[in-house]
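Enquirer: Handing you a structure now.
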Amino acid sequence: EFSAEFLNMARKVFDMIDADGGGTLSKAEIVDAVKNNDEVIKFLSNCGNENLQSLLVPSRLEHALNCLDTDSDGEITAPEWEAAIEQALKAKIEQRRAAREAQAAADRRELEAFKEQFLNAAREVFALIDADGNGSLTKTEIVDAVTHDKKVISFLGSCGEPNLQFLVRPKTIRRALRVLDVSGD
């Protein structure tokens, strides 16, 4: 969808620049369009092709025209324009791909940081509940912590695990303990 929209806009911009309708772009038509047509300016500014973007810069205009005018006839033909647009489209697609990859990497880092933070909090809460420090939790330790320790209550209530959340509700604590005690000890 992006590609089709981009190509349609590129064709529209070509037609906007081609003031005489001759099917080619002269230097005069380009200079006029880049001075007076906001749509042309916006498209060229954001198109992703260095030569097309250089049409907006007077000091680089001649060089850009020479690069775009591959048959050296003094005008930019529709096929020459299309070739530049293809390069621009490839650049835009690559930019979008790179942006998606960067966002995915940032999301993974954020998730890993959250997991690490959550696990550290879970370990800390376990240690708070494990009053005797033996590495296992008794029913008494759990009941005592979920009725008196605000940090334990807060963590369990907001951790997102229903069986742990049930521990802070008196009516569901026995059921939660049965589910969590997988060894039955």
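Enquirer: For the chain, what is the number of Lys pairs with C-alpha distance below 17 angstrom, counting only pairs 8 or more positions apart or on separate chains?
Expert: So the count of such lysine pairs works out to 4.
Enquirer: Further, regarding this structure: At 1.4 Å probe size, with the rest of the protein present, what percent of the exposed accessible area of the stretch 89-183 is carbon and sulfur atoms? Walk me through the intermediate numbers first.
Expert: Numbers: 3980 of 6890 Å².
Heavy-atom surface of the stretch 89-183 belonging to carbon and sulfur, 1.4 Å probe: 58 percent.
Enquirer: Out of these labelled values of Rg and Dmax of the Cα atoms in Å, (1) 21.3, 69; (2) 32.6, 91; (3) 17.4, 50, which was calculated from the coordinates shown here?
Expert: Computed from the coordinates, Rg and Dmax of the Cα atoms in Å corresponds to (2).
Enquirer: If you average the sequence gap of Cα pairs under 8 Å that are 6 or more apart and divide by the length of the stretch 43-184, what percent do you get for the contact order? Please report the intermediate quantities before stating the final value.
Expert: Working: 98 pairs, mean separation 16.4, N = 142.
Reported as a whole number, the value is 12 percent.
Enquirer: What's the FRET efficiency of GLU116 with GLN87 using the Cβ-Cβ distance as r and R₀ = 45 Å, to the nearest 0.05? Let's see the in-between values first.
Expert: Numbers: r = 43 Å, r/R0 = 0.96.
The computed FRET efficiency comes out at 0.55.
Enquirer: Additional query: Determine, from the Cβ-Cβ distance of LYS150 and ARG108 and an R0 of 30 Å, the FRET efficiency 1/(1 + (r/R0)^6), rounded to the nearest 0.05. Intermediate results must be reported in sequence, preceding the final value.
Expert: Values: r = 33 Å, r/R0 = 1.11.
Between LYS150 and ARG108 the formula returns 0.35.
Enquirer: While we're on this one: For helix 139-148, report the angle its Cα long axis makes with the longest principal axis of the Cα atoms of the chain; keep it between 0 and 90° and round to the nearest 10°.
Expert: Result, in degrees: 70.
Enquirer: Please determine, in degrees from 0 to 90 and to the nearest 10, the orientation of helix 78-129 with respect to the longest principal axis defined by the Cα atoms of the chain, where the helix direction is its Cα long axis.
Expert: With both axes taken from Cα atoms, the answer is about 10 degrees.
Enquirer: Okay, helix-only estimate at 222 nm for the chain: each DSSP H run of n ≥ 4 adds -39500 (n - 2.57), divide by all residues, round to 500 deg cm²/dmol; what do you get?
Expert: -22500 deg cm²/dmol
Enquirer: Could I ask something else about it? What are the ³J(HN,Hα) values, in whole Hz, obtained from phi via the Karplus relation 6.51 cos²θ - 1.76 cosθ + 1.60 with θ = phi - 60°, for each residue of the stretch 166-174 in sequence order, with x given for Gly and Pro?
Expert: Ordered by residue, 3J(HN,Hα) equals 5, 5, 8, 10, x, 6, 10, 5, 5 Hz.
Enquirer: Here is a follow-up. In whole Å, what is the distance between the alpha-carbon centres of the stretch 117-185 and the stretch 20-98?
Expert: 66
Enquirer: Also, quick follow-up: Can you give me the accessible area per residue for the chain, using a 1.4 Å probe, in Å²?
Expert: Details: 11910 Å² over 185 residues.
Result: 64 Å² of accessible area for each residue.
Enquirer: Would you grab the residues whose amide H sits under 5 Å from the one on LEU25? Only those 5+ places off in sequence or on another chain, please, with H modelled 1.01 Å from N.
Expert: HN-HN under 5 Å from LEU25: ILE76, THR77.
Enquirer: Measure nothing fancy, just the Cα-based angle from helix 2-17's long axis to the longest principal axis of the chain, in degrees from 0 to 90, nearest 10.
Expert: In the chain, helix 2-17 runs at an angle near 30 degrees to the longest axis.
Enquirer: I'd like the accessible area for SER136, computed on protein heavy atoms only with a 1.4 Å probe and all protein chains in place. Round to 10 Å², please.
Expert: Per-residue accessible area (SER136): approximately 60 Å².
The values are calculated or read from the model by the stated rules, or taken from the named source; none is laboratory data. The structure presented is a predicted model; accordingly, all values stated were derived computationally and were not measured. Please note: Cβ atoms are built from the backbone with ideal geometry, for glycine as well, and neighbour counts cover all protein chains shown. For accessibility, only protein heavy atoms count, side chains too; no ligands or nucleic acids. Shrake-Rupley method; radii C 1.70, N 1.55, O 1.52, S 1.80 Å.
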